[in-house]
Amino acid sequence: MIQVIMIIIYISLSISGLVLMKVGGNPGTISMLDGNINLGISPVSLIGFICYIGSFFLFTRMVVVFELSYIMPLTTGIVQVLSLISSKLVFKEEFSTTGIIGAVIIIIGVVVLNWKTT
């Protein structure tokens, strides 16, 4: 059960990070002024960046806990499909036919990956 929760948190942090960084619209700037390093980033982008860094650290833990051949395609596929859905819902981006076909293929792949044979 804890493994499922770990995957859900990872996916949530990844998607939140991506969406918030795009909503913030500021990739950040680094500058030197009077010997001080200044980091200019919008608060929304900063929260997105923190979420995305959190997802990275969680993923490094998941790589140790799960089989790599299982966790990588599973999480990558789900994040890709949810990114596509988020782009439509949040940013009003259009779905292309190839994007929809790709998402369906990814979903089928995730289902087949988790198919339990007896």
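The values are calculated or read from the model by the stated rules, or taken from the named source; none is laboratory data. In this text, all values refer to a predicted model and were calculated from it rather than measured experimentally. Cβ coordinates were reconstructed from backbone atoms using ideal geometry, including for glycine residues, and neighbour counts include every protein chain displayed.
Give all pairs with beta carbons closer than 6 Å in which a residue from segment 33-47 that is surrounded by 10 or more Cβ atoms within 10 Å (Cβ to Cβ) and among the hydrophobic types (A, V, I, L, M, F, W, C) meets a residue that is modelled with pLDDT of 75 or more and part of a helix (DSSP H, G or I); count only pairs at least 6 apart in sequence or on separate chains.
VAL44/LEU20; VAL44/VAL23; VAL44/GLY24; ILE47/LEU20
So, in segment 1-46, of the ones that are of a type in the set (Ser, Thr, Tyr) and assigned to a helix (DSSP H, G or I), which residue ends up farthest from the chain's Cα centre (by Cα)?
Taking segment 1-46 as the starting set, the residues that turn out to be of a type in the set (Ser, Thr, Tyr) are 10, 12, 14, 16, 29, 31, 42, 45.
If we keep only those that are assigned to a helix (DSSP H, G or I) too, we end up with 10, 12, 14, 16, 45.
Numbers: TYR10: 8, SER12: 7, SER14: 3, SER16: 7, SER45: 14 Å.
Among residues in segment 1-46 that are of a type in the set (Ser, Thr, Tyr) and assigned to a helix (DSSP H, G or I), the one farthest from the chain's Cα centre (by Cα) is SER45.
Going through ILE2, ILE8, ILE15 one at a time, which residue ends up being among the hydrophobic types (A, V, I, L, M, F, W, C), modelled with pLDDT of 75 or more and touching a helix residue (DSSP H, G or I) at 6+ places or on another chain (Cβ under 7 Å)? Step through it out loud before you land on a result.
On the way: ILE2 fails: touching a helix residue (DSSP H, G or I) at 6+ places or on another chain (Cβ under 7 Å); ILE8 fails: touching a helix residue (DSSP H, G or I) at 6+ places or on another chain (Cβ under 7 Å).
Testing whether each residue is among the hydrophobic types (A, V, I, L, M, F, W, C), modelled with pLDDT of 75 or more and touching a helix residue (DSSP H, G or I) at 6+ places or on another chain (Cβ under 7 Å) leaves just ILE15.
So which of ILE71, ILE100 ends up being β-branched (Val, Ile, Thr) and buried (at least 16 other Cβ atoms within 10 Å of the Cβ)?
Values: ILE100 fails: buried (at least 16 other Cβ atoms within 10 Å of the Cβ).
Answer to the check: ILE71.
From the list LEU58, LEU82, pick out the single residue that is part of a helix (DSSP H, G or I), surrounded by 16 or more Cβ atoms within 10 Å (Cβ to Cβ) and free of Cβ contacts under 8 Å to residues at least 60 places away in the same chain.
Working: LEU82 fails: free of Cβ contacts under 8 Å to residues at least 60 places away in the same chain.
The unique qualifying residue is LEU58.
Go through (1) within 26 Å of ILE108 (Cα to Cα); (2) of a type in the set (Gly, Ala, Ser); (3) modelled with pLDDT under 90 one by one and return the number of the condition GLY24 breaks.
It fails just one condition, (1).
Taking the conditions exactly as written (in a helix (DSSP H, G or I), farther than 28 Å from GLY102 by Cβ and under 16 Å from the mean Cα position of the chain (by Cα)), does PHE49 satisfy them or not?
On the way: in a helix (DSSP H, G or I): yes; farther than 28 Å from GLY102 by Cβ: no; under 16 Å from the mean Cα position of the chain (by Cα): yes.
Spelling it out, it is not the case that PHE49 is in a helix (DSSP H, G or I), farther than 28 Å from GLY102 by Cβ and under 16 Å from the mean Cα position of the chain (by Cα).
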